[in-house]
There are 4 protein chains.
Amino acid sequence: MTKIRMGLLGAGRIGKLHGTNVQNFIPDAEIVMLADPFLNDEMVEWAKGIGIEKCTKDPEDVFANPDVDAVMICSSTATHADFIIRAARAGKHIFCEKPIHTDIDKIKEAIAEVDKAGVKLQVGFVRRFDRSHKAVRDVVASGKLGNPYVVKVCSRDPAGPPMEYIKVSGGIFLDMMIHDFDMVRYLSGSDVVEVSTTGAVLTDPRYADYDDVDTAIVTLKFANGAIGVIDNCRQAPYGYDQRVEVLCEKGSVQDNNHLENEAYVSTAENVESAKPTYFFLERYNDAFVAEVKDFIDAVMNDKETPVSGKDGLEPVRIAIAAKKSLKEGRPVKMDEIPS
Amino acid sequence: MTKIRMGLLGAGRIGKLHGTNVQNFIPDAEIVMLADPFLNDEMVEWAKGIGIEKCTKDPEDVFANPDVDAVMICSSTATHADFIIRAARAGKHIFCEKPIHTDIDKIKEAIAEVDKAGVKLQVGFVRRFDRSHKAVRDVVASGKLGNPYVVKVCSRDPAGPPMEYIKVSGGIFLDMMIHDFDMVRYLSGSDVVEVSTTGAVLTDPRYADYDDVDTAIVTLKFANGAIGVIDNCRQAPYGYDQRVEVLCEKGSVQDNNHLENEAYVSTAENVESAKPTYFFLERYNDAFVAEVKDFIDAVMNDKETPVSGKDGLEPVRIAIAAKKSLKEGRPVKMDEIPS
Amino acid sequence: MTKIRMGLLGAGRIGKLHGTNVQNFIPDAEIVMLADPFLNDEMVEWAKGIGIEKCTKDPEDVFANPDVDAVMICSSTATHADFIIRAARAGKHIFCEKPIHTDIDKIKEAIAEVDKAGVKLQVGFVRRFDRSHKAVRDVVASGKLGNPYVVKVCSRDPAGPPMEYIKVSGGIFLDMMIHDFDMVRYLSGSDVVEVSTTGAVLTDPRYADYDDVDTAIVTLKFANGAIGVIDNCRQAPYGYDQRVEVLCEKGSVQDNNHLENEAYVSTAENVESAKPTYFFLERYNDAFVAEVKDFIDAVMNDKETPVSGKDGLEPVRIAIAAKKSLKEGRPVKMDEIPS
Amino acid sequence: MTKIRMGLLGAGRIGKLHGTNVQNFIPDAEIVMLADPFLNDEMVEWAKGIGIEKCTKDPEDVFANPDVDAVMICSSTATHADFIIRAARAGKHIFCEKPIHTDIDKIKEAIAEVDKAGVKLQVGFVRRFDRSHKAVRDVVASGKLGNPYVVKVCSRDPAGPPMEYIKVSGGIFLDMMIHDFDMVRYLSGSDVVEVSTTGAVLTDPRYADYDDVDTAIVTLKFANGAIGVIDNCRQAPYGYDQRVEVLCEKGSVQDNNHLENEAYVSTAENVESAKPTYFFLERYNDAFVAEVKDFIDAVMNDKETPVSGKDGLEPVRIAIAAKKSLKEGRPVKMDEIPS
């Protein structure tokens, strides 16, 4: 193959982001078709502007197109699993935004179809491709610090989403902390075996209306014996706080936030420096390109994708366990959750 | 009074530290007498060298001495409460190393005697006097960041104590994390209402022999609605890791470790800087002086001491709750623990 | 105008960089033509790949093309001034890589033609568009720190260029430090009135063969009374060291290097973090886009360009003065250099 | 000897600092006598308070006292050389505050007497004993980074001294930058061979009345081929700015300021951290103890002192050269200055 030809499913914010990235930065791939059930003039214009020739409202047009080698699923979460199944049956490789689904059986059904079809599947856990988080994980994975003891992730958004979104998001564990559940698996190189949740509604009382919390701390036990902790808050006004840390036998490895710039001002009052980069588009800008590059590389060179179907399933299971732990006020073992 | 005359009880490591500090750095106080049941020539020589005139094996000599205004209790933990009681009855003000006792009733008995006698009592939670931790707390206490949401403390020792000590220490929660239980109360300005513990034996299998863990994560709920987390490890080879952090409504405040020096070397491989200061003697060197200064100030000027009897009691109660949570595998509410 | 149509002159490394940036990141501009006297198949393929329709060996084809609104001069330094003159006479706006020329009269001739034609001219001093340097300058320019007192620039390359290049580069002051001469004018908001140079050959004795130095410190006096210093070295093995600093009446503002990532490893030996980004392509990646965006904005909206003809001339004059100071072993006043 | 018995000459600010340090922190030394021509009740009380038994107005009492092994010269600068001579003739070892004198011949005379008497002499260049500057120098001296290329020192005071002091101080080079002239010799391990000065009056016009500047940049050439630069300003409102840096063949080593504390606050506006420690008493607090410890060690164990007579002489010569360079507007070679 000279270039991987891709069909893009969904032209919302994340779809446009990936679409633009592929056309500009991934020399070995090109988007040849866009499908969005809400296709409108603005989307068509955007698509033409970056060289996507064909636009359709019907995703089936993508699956049926023999010129499409791979699909990029950026549609609403509820459609992910079905689109994976349809794409797999059509023999297309699949890059799918996270999460695959919020229902475990549905995820397993999708993975089974992928396995049957023998196509590649990569789930969009983009933070694995951040240069700092990756550097942390590479040190742990190298083994030079010995076994991991404690894995810590701090992840806070600069501002909460609209309450309309909270209604349908599945809650903080499935919507927000799911990235961190993936991150602790990535950092520790191990599966989670038990979770215990502490949560609170602190930033906006309306979260309670949806049986959700806006601030949560989840402790974890890993199969390799390590323990861990994740803390999340929907609203940290200083920006997107994204820090990870792994204490190992022979040392510790961690990262600092990326700042807007490296200037600082010293006065008689204090020393002032810039805030962390604002949100995920700023912080994970490069990582969004890197994850697709790796996917294209896996397709072209028949390698394993760096984020597998199982990697898509496990964070959903952990999120369900964390939610259950919060509700029942007790640690929940992962074998209580269907796998 | 021109100078507060103090009796020092105990000339072990911490007793010598405080004794030397008082003689050198606290202009308003002087140690006039040392009592240690294991008094030996070396201790007497040390005492003379810093101007302590009288040495005795019998603590009662201190309580009976009309020239002693205040005592500094640095003897073994088991004796703390009784010495507090004896000192209070003798009308002496009391600076007592932490913890007062590991038995709650005994602590309460000691506090009751202090209250009855109307003497000052300060418990040696030295970290409150560290310039960085104090700066964090002062920002929270100022209210300029609004209500606290999340309180985090990371506290790791460079190397575990001898197993002989582990046998009698009361375990990681009463011996090590007790400082952090005090710290979260200090930072949040609130009492703890629930704790949940995750622990593991990772650095040395012998901890299990004493029904102890060497690595633990404890999540907390506070009376003011905030939540928190402490992580401890007995062995972090890079030095004494002491970091605190409070996320509030309008921002976050945290501190970095103090480094051995501020030099760094940049080469074709990486940028290398110094490790954190080695252990508590290095890190909290200045804080050990500052806490006694504040005690002397409270005595001289009839102010409240900055670490009260209740501040001595609560961390012990939280430690007992944390231990119970680990054992029973469930969150423990503080009202399950006698108060 | 809907889009500024540009002719690209030169498809070497920097030409390709700008060409790719315009096609991918500057929505209001597009390259419609490439001229390179050494045009070859590889260049043509590159051009087609990013949507440049026409390729030619003859720059005159660009100047004569009525569809070209602006030119981007990325050819060899010796051709810059003549291409500016040709473009100005043809009524094209001009973005020109630095330096305009190494001969002052030639620069003045070019600027005069630009002024006569009333076209826009921007010189490619890219570092002004770096987010950290710009943040430093913005603080100084805001006036909130009062008058500048001391301006400092540290600028070191990770590795020296090939000796073939040294032969023709004009030497360290015209080739390398010229960026810093621009930077001190940008930071201080003032012209230089005197320079004094200290230099040495330290990294490779062959620099001496070309009457050049590889390490130099230049002190400066500014028209506004401030003083300054620049230090350069051709070879700093830890990467591209780019730091600026301005001490003002009420405080200081400075920046740190950008690091490859923000991870760090703490062990019993030390704390290791990543090196600075490797070289100018890595460090000033975003700045290369930002400068062209500003140029296009100036053209579209008839604003002044952020780096004027005078801004192109002055650093060359300062470089000539610095070279003279080194040779004659004395401070050189800027009015000794033709203007 | 069991303890080195010292005579303290001068009980001004620096004399009291050293006196207190010796009594509290230098177990192998004790001050047994104080001489100050302006001796008053306050000084006597201070001396008694720290255990100095004898006080006198006449320095000759110290030189004549057979119980005095060593003297610590903290009197006014003009007396240093004569006191060194008197002490040497009396066979006392000598710790002398910097500078020995501002007259080169006088310094040489003093050193000659020291050599003749075979006593130890250490000059109080305290910054060599700062843990961060020392760490930088130790890396350079270890040779692991290869030869030094560029030595940089930034040294700024938080506020200028009273104009009364400026009148008699000898000017910025002899009073303030002299520390930095010592520092560059310490860091580079090499003598200075040429200096070139740029200066300005920026913080207060009255400096000009005393033929002085308040802001200066001095470039240097070293005997080992390296070059260097020092920048000084009398008034940097954010505190005491003390940074050193050495670029070597294989890397660079530098240090950051020491901050008042390590806390930082992140808000929607910026990230705020503490200022550098305020001034030399705060920054070099530990170094003042360390230098005297090393002196006592040299005396007790017959070692070379870490800051020799030559180390006292050279910075004065460089200061005179720097002043001459400023006045004459040209680089000055060190062999123009008597040695």
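Filter region A:75-118 down to the residues that are free of Cβ contacts under 8 Å to residues at least 40 places away in the same chain and touching a strand residue (DSSP E or B) at 6+ places or on another chain (Cβ under 6 Å) and list them by number.
Scanning region A:75-118 gives A:H80, A:I84, A:A87, A:I94.
Test of understanding: among C:D130, C:D138, which residue is at pLDDT 95 or above, under 30 Å from D:D214 (Cα atoms) and among the charged types (D, E, K, R)?
Selected residue: C:D138, the only one of C:D130, C:D138 that is at pLDDT 95 or above, under 30 Å from D:D214 (Cα atoms) and among the charged types (D, E, K, R).
Could you check how many residues of region C:230-245 are part of a loop (DSSP other than H, G, I, E, B), buried (at least 24 other Cβ atoms within 10 Å of the Cβ) and under 17 Å from the mean Cα position of the chain (by Cα)?
1
Which one of these does B:S252 not meet: (1) under 17 Å from A:V153 (Cα atoms); (2) more than 7 Å from chain D (Cβ to nearest Cβ)?
That leaves (2) as the condition not met.
When region C:314-327 is examined, which residues are found to be touching a residue at least 24 places away in the same chain (Cβ under 8 Å), open to solvent by 50 Å² or more (accessible area, probe 1.4 Å) and among the charged types (D, E, K, R)?
Result: C:K323, single match.
Can you find, within region A:249-277, the residue that is most open to solvent (accessible area, probe 1.4 Å) among those that are of a type in the set (D, E, K, R) and more than 19 Å from C:A287 (Cα to Cα)?
Out of the qualifying residues, it is A:E269.
Among the residues of region B:98-111, count how many are small (G, A, S) and surrounded by fewer than 23 Cβ atoms within 10 Å (Cβ to Cβ).
Residues flagged as small (G, A, S) and surrounded by fewer than 23 Cβ atoms within 10 Å (Cβ to Cβ) within region B:98-111 amount to 0.
If we scan region D:285-304, do we find a residue that is at pLDDT below 95 and among the polar types (S, T, N, Q)?
Within region D:285-304 (the criterion being at pLDDT below 95 and among the polar types (S, T, N, Q)), the answer is yes, since at least one residue qualifies.
Among the residues of region D:256-276, write down those that are facing another protein chain (nearest Cβ under 7 Å), outside any loop (DSSP other than H, G, I, E, B) and not hydrophobic (A, V, I, L, M, F, W, C).
D:Y264, D:S266, D:T267, D:E272, D:S273
Where in region B:112-220 are there helices (runs of 4 or more DSSP H), lying wholly inside it, with at least 2 residues that are buried (at least 20 other Cβ atoms within 10 Å of the Cβ) and away from chain D (no Cβ under 14 Å)?
By residue number, B:172-175, B:178-188.
Mind telling me which of the residues C:L17, C:L39, C:L8 ends up being within 22 Å of C:F125 (Cα to Cα) and surrounded by fewer than 21 Cβ atoms within 10 Å (Cβ to Cβ)?
Just a single option satisfies the conditions, and that option is C:L17.
Restricting to region B:278-299, give me the number of residues that are surrounded by fewer than 20 Cβ atoms within 10 Å (Cβ to Cβ) and either at positive phi or charged (D, E, K, R) (or both).
5
Which condition number in (1) assigned to a loop (DSSP other than H, G, I, E, B); (2) in contact with a Leu (Cβ under 7 Å, 6 or more places away or on another chain) is the one that D:V253 fails?
That leaves (1) as the condition not met.
Here is a list: A:V44, A:V22. Which entry is outside any loop (DSSP other than H, G, I, E, B), open to solvent by 40 Å² or more (accessible area, probe 1.4 Å) and under 25 Å from C:A29 (Cβ atoms)?
A:V44
Quick one: which residue in C:D311, C:D302 is of a type in the set (D, E, K, R), surrounded by fewer than 23 Cβ atoms within 10 Å (Cβ to Cβ) and without any contact (Cβ under 8 Å) to a residue 12 or more places away in the chain?
Criteria check complete, one pass: C:D302.
Taking B:I107, is it outside any loop (DSSP other than H, G, I, E, B) and under 22 Å from the mean Cα position of the chain (by Cα)?
Yes; evaluated as a whole, the condition is true for this residue.
The values are calculated or read from the model by the stated rules, or taken from the named source; none is laboratory data. Predicted model only: the values in this text are computed from it and were never measured. Neighbour counts run over all protein chains shown; Cβ positions are idealised from the backbone, glycine included. Only protein heavy atoms, including side chains, enter the accessible area calculation; ligands, DNA and RNA are left aside. Shrake-Rupley method; radii C 1.70, N 1.55, O 1.52, S 1.80 Å.
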